[in-house]
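Here's the structure we're looking at; comments come further down.
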Amino acid sequence: MEQKNDRKRDKNRLLYKKVKKASFWGSIISFIITMIMVAVIMTVTLWLFASYVAASKLQNEYDRIENLAKMYEAGDNSVVHAVLDNGENDYVVLDSSGQKLHTSGTDTRMEGPEKADLSEFLKNVDIYRDSERNIFYVSEGRLRVNWGEVFKYIGNEAVEIQADEQHLNDGDEYITVYSDDDFYENGTKIINFPLWIAVDVKDGAEKFAGKASFSVNVNDLFLFGIVSIIIIVLVLILLITMLVNVISSIVRQIRIVGLFFEDPITKGHNWMYFLIRGEQYLRKGRAARDTYAVVNMVLVNYRNYCLCHSVEDGEKLLGSIYNKVQRSLSPKEMCAHTTASNFALILNVSDEDSAKRRLYEIISDIRGIDQEHKLSMKVGVDIVRPWLDAKGRVVKRKSFSMDTSYNNACTARASIEDTDETEIVIFDEKLVEEEKWLDMVQEKQEQAVRNEEFQVYYQPKYDPRTNVLRGAEALIRWESPDFGFVTPGRFIPIFEKNGFITEIDHYMLTHVARDQKRWLDEGYNLVPVSVNVSRAHFVESDLAEQIRDMVDREGAPHNLIEIELTESAFFDDKKAMIDTIRKLKEYGFTVSMDDFGSGYSSLNSLKDMPLDVLKLDADFFRGSGDDGRGEIVVSEAIKLAQSLNMRTVAEGVEVKDQVDFLAAEGCDMIQGYYFAKPMPVHEYESRMKNGFATV
Ligand code: C2E
Ligand code: CA
Ligand code: CA
């Protein structure tokens, strides 16, 4: 069962991790990848487009320079030189070491050359940048002037304007001076970038570098700009759509994670939240120095509340409890509704006492929700203290397990008696031992009955005035091959809880009836033996018949069997109880009330129950120093029993004074260590033979 739960929890944890991972990283990573891809594609496209345009423009210039180079290469004759060096071509010829061999026009090359790898469109060429960037072009005649030499263009003549005459007169027609390298061609602005292109000549022995003009039509540039902007806008739209998608998917996933952690009944946190977030929190460095209480808190009688009202009201109550608890928490604490009426809490406390104080405060708040009902809580607490290393320094609780801690809290809570009262129990290792013991006992119980490992011990009851043996009580002992000799205090409460007690009572009754029948046959001087019948039996309406049949099967006379009922059994169903007692008496059994005076008020039951024997609880004879008040109660109880026609048995009597007192008060029998402890069969047999107490 436990293992199954563990597996389920692990599965849930994995599922949670998956949901969480998918939510954020999936979307973010796919967004980033797409963004990078789009940016790369866009840049490459624009770059290729620009290079293509540039290369096709350069191609003409390259061809021109190559032709010039070929002319230069063609020969050293003066005709060629006359053509080349006609003043229209600016070029230089360099030897392999870069030394200038020949210059025509002005060499305005900048330092270089720079390699331009336009291999897609052109050969690999050397390009020199030109230093004359700032030249003016005068429109119409396209007269090129250098910066600083401003010309007036009058008629066909260009007239230099002095530096202080830079403002041209209004009347000077046809003159427009553009800054930068711009000029106009057929009414379109052209931007010019002069540069030098070098070509190998004479099998690479020399280089021919000619001045080229790389000009861009503004219309083309404008078109290019528009295309770029359109592409950029489209890409931006794409990216924004994607971003919106990513954000909305993250929001959706956050909601899913929220649902994963939401408790449908209280609308607060659920067990998964507590398990995962609580564990993460307590493992953190900033929680390491603090002490925490991991708490399992259960509302008592939740089912009854639902029966009295409705399931809906019950769930509303759980919601109110959750809210009350939640409101009382500090940021270092948390709360979750786990199952049914179970709540899980983490409280920041200093020690066990402060944990209890906090919890009592919380419970008293909860009580305020519904004054008409008694809202009680059963609470188990596991204290999580700071972890220390070998040198006594506080370390992170790296391997802290919420499963284990909460399980400890549940173990502590499960150890609490089943009552209507609020109770808080702090977990300690002893509880684990108890839990283990409980499991072992439950595992072995059937086998123990089959193998007759349970032994009947008899504790004699003597008349305190005459010391005559008047009866005995059958008390169970377990001689287990696994655990050795086990007293009933260690297993009867377990059987009472798990229901196996009915088997045990049948077992004991059968064995006692069998013993009595054998002793009868063997001619012993017999006295009645009482057998304990647990309250768990009283759900069976034919209990009296079952007892009769069991005793009859062994052939023992009914008057040799007494049935002990515990006081608490009288609470459950009074009518059924009275019927059963009546029937038992009809069949000739004696019926006694066990543990009279322990805990429950029982005077009322005495009034209605037709009982034969009253067994005064051992508590009356334990301790002293009550100014004789105990004796008064005992003496009055005996008188009460006498007037109701009942015999009395005093249990747990250990000292002579008590025996004398009880004898004087008219108590009929004493069952206590003073006379005898519970004993195995053969010892009891010799007690029967004797007939008198030997004290
Ligand atoms: P009980 O029915 O009240 O049994 C009396 C218990 O008091 C016995 O403990 C007995 O040994 C003990 N006792 C008797 N005289 C003295 C004394 O002078 N001093 C002290 N200190 N103790 C004395 P035991 O046998 O350990 O049984 C404990 C309880 O276990 C019983 O309480 C009874 O509730 C339950 N039990 C024992 N055997 C059976 C059984 O066969 N069936 C059921 N249902 N319960 C049983
Ligand atoms: Ca008893
Ligand atoms: Ca008793």
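What follows draws every value from the coordinates through simple rules; no lab data is involved. What you are looking at is a predicted structure, and each value in this text was computed from that prediction instead of being measured. Reconstructed Cβ throughout: ideal geometry from the backbone, glycine too, with neighbour counts over all protein chains shown.
Once you list every other residue whose beta carbon is under 9 Å from the beta carbon of GLY105, what net charge do they have if Lys and Arg are +1 and Asp and Glu are -1?
Numbers: positive: LYS211; negative: ASP85, GLU88, ASP90, ASP107.
With Lys, Arg at +1 and Asp, Glu at -1, the net is -3.
A simple spin-label model places the labels of GLU496 and ILE250 6.1 nm from each other, with each point 7 Å out along Cα-to-Cβ. Note on TYR673 and THR339: their simple-model spin labels are 4.3 nm apart, each label 7 Å out from Cα toward Cβ.
In order along the range 203-209, the Karplus-derived 3J(HN,Hα) couplings, from 6.51 cos²θ - 1.76 cosθ + 1.60 at θ = phi - 60°, round to 6, x, 6, 9, 10, 10, 10 Hz, and Gly and Pro are given as x.
Spin-label model, ASP660/ILE29: points 7 Å from Cα along the beta carbon direction are separated by 9.2 nm.
Computed from backbone phi with θ = phi - 60° and the Karplus coefficients 6.51, -1.76 and 1.60, the 3J(HN,Hα) list for the range 482-492 is 8, 10, x, 7, 10, 7, x, x, 8, 10, 4 Hz; x is used for glycine and proline. By the count of neighbouring beta-carbon atoms within 10 Å, fewest first, SER213, SER350 end up ordered SER350, SER213.
Taking other C-beta atoms within 10 angstrom as a stand-in for reagent exposure, CYS335, CYS308 fall in the order CYS308, CYS335, fewest first. Under 5 Å from the amide H of VAL591 lie the amide H atoms of ILE563, ASP612, VAL613, each residue being 5 or more positions distant or on a separate chain, with H modelled from the backbone and absent for Pro and chain starts.
With a threshold of 23 Å on the Cα-Cα distance, the over-threshold entries among LYS11/LYS497; LYS436/LYS615; LYS267/LYS356; LYS70/LYS211 are LYS11/LYS497; LYS436/LYS615; LYS267/LYS356.
For the range 398-542, what relative contact order do you get, as a whole percent, if you take Cα pairs closer than 8 Å and at least 6 residues apart?
It comes to 18 percent, rounded to a whole number.
Run the Debye formula on the Cα coordinates of the range 427-477, all scatterers equal and no solvent, and tell me log10 I(q)/I(0) at q = 0.14, 0.19, 0.20, 0.32 1/Å. The calculated log intensity ratios at q = 0.14, 0.19, 0.20, 0.32 Å⁻¹ are -0.62, -0.75, -0.77, -1.05. Stretching ASP313 away from ASN67 to a fully extended chain increases their span by 78.5 nm, per 0.36 nm per residue minus the current alpha-carbon distance.
Summarising the amide proton neighbourhood of GLY471: residues at separation of 5 or more, or on other chains, whose placed amide H is nearer than 5 Å comprise LYS461.
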